[in-house]
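Note sheet for the following structure.
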Amino acid sequence: MTSTDDPLSILHVDDDPDLGGLVKTFLERDSNDIDCTVTTETSPVDALDRIRSEDSAFDCVISDYNMPEMNGIEFLEAVRETHPELPLLLFSGEETNDVAAEIIRAGLTDYLRKGRGTGQYTMLIRRVEHAVEGGGQFDPEAETELDGVGVVGSDERFEAADDTYASFYGYDSEDVEGKHWTELHPEEEVEHIRTHVLPIVRRGGEWSGRSRGLRSDGSTFTESKMVTALDDGRLLIAVSELDDSKLGSERSK
């Protein structure tokens with residue numbers, strides 16, 4: 001990481017050199033809120049070599065998804081092997097639902113979908129700034145893998161949930177779609193999420209921790225949860241079920 005007085009050093013990887021030039025131009029503009037220099041690479045293999053070189057000092061890596069040699073997720077997972085705390089952003093044209101599970105399991109800091117116009121670059125600048133400040137920092141010490149993934153729309157109802165996510169709550173995936181997220185949590189947990197989780201996420205941050213889930217039969221369980229906002233205002237949620245008996249043993253020690 002560079003010192004606070006130095007420009008941020010950003011590596012952008014995209015096999016389209018024209019897009020790479022645009023990203024560099026927009027991020028390095030004097031009118032931006034952040035001072036940065038952007039290095040562009042069209043090859044993920046060459047980008048890995050650059051990151052792993054002894055004189056590498058990047059503060060953030062931005063990558064496309066569809067690239068030759070390896071896709072963006074594979075590239076960023078390779079980066080994680082040697083740089084577990086380096087902020088990683090996926091800047092891609094892929095539909096969120098298509099890569100949601102991969103995004104979570106790869107431990108990405110953020111995802112922004114490519115769009116039209118200059119607004120996408122303004123948003124990218126904000127996401128870079130937030131990632132470097134640590135608001136959505138990947139936790140390399142996390143012991144629990146997040147197994148199930150769901151997407152909640154702007155109406156606060158599930159647009160999609162994979163089979164694993166739904167099974168934690170006693171449903172099939174198609175049964176979860178259309179449900180309001182509050183239906184999967186006990187009343188006291190709903191209040192906590194509205195008060196402490198959503199305000200963080202809506203400001204562009206990421207929340208992770210433990211909460212209580214509500215199953216279809218009325219029973220509850222402890223879940224490890226990560227919630228982050230997507231670029232279009234939807235929420236990406238990942239969960240795993242925690243063993244309450246083991247948690248009780250931990251608390252009694």
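Pick out, from region 172-253, the helices (runs of 4 or more DSSP H) lying fully within it that include 2 or more residues that are at pLDDT below 85. Can you show your working first?
Values: elements: 173-176, 187-192, 198-202, 244-252.
Result: 198-202, 244-252.
Given the criteria among the hydrophobic types (A, V, I, L, M, F, W, C) and under 14 Å from Gly150 (Cβ atoms), does Phe168 qualify? Before you say what the answer is, go through the steps one by one.
Values: among the hydrophobic types (A, V, I, L, M, F, W, C): yes; under 14 Å from Gly150 (Cβ atoms): yes.
Judged against the criteria, Phe168 is a match.
Applying the selection to region 223-233, what residues are in contact with a strand residue (DSSP E or B) (Cβ under 8 Å, 6 or more places away or on another chain) and surrounded by fewer than 17 Cβ atoms within 10 Å (Cβ to Cβ)?
Of everything in region 223-233, just one residue is in contact with a strand residue (DSSP E or B) (Cβ under 8 Å, 6 or more places away or on another chain) and surrounded by fewer than 17 Cβ atoms within 10 Å (Cβ to Cβ), namely Asp232.
I'd like the residue in region 157-174 that is in contact (Cβ under 8 Å) with a residue 24 or more places away in the chain and open to solvent by 40 Å² or more (accessible area, probe 1.4 Å) and, out of all such residues, is nearest to Ala238 (Cα to Cα).
Of everything passing the filter in region 157-174, Asp162 is nearest to Ala238 (Cα to Cα).
Here are some residues: Glu54, Glu81. Which one is part of a loop (DSSP other than H, G, I, E, B) and either open to solvent by less than 10 Å² (accessible area, probe 1.4 Å) or modelled with pLDDT under 90 (or both)?
Answer to the check: Glu54.
The values are calculated or read from the model by the stated rules, or taken from the named source; none is laboratory data. Please read all numbers here as calculations on a predicted model, not as lab measurements. Here Cβ is always computed from backbone atoms with ideal geometry, including for glycine, and neighbour counts include all displayed protein chains. Accessible surface is based on the protein model in full, side chains and every heavy atom, while ligands, DNA and RNA are left aside. Shrake-Rupley method; radii C 1.70, N 1.55, O 1.52, S 1.80 Å.
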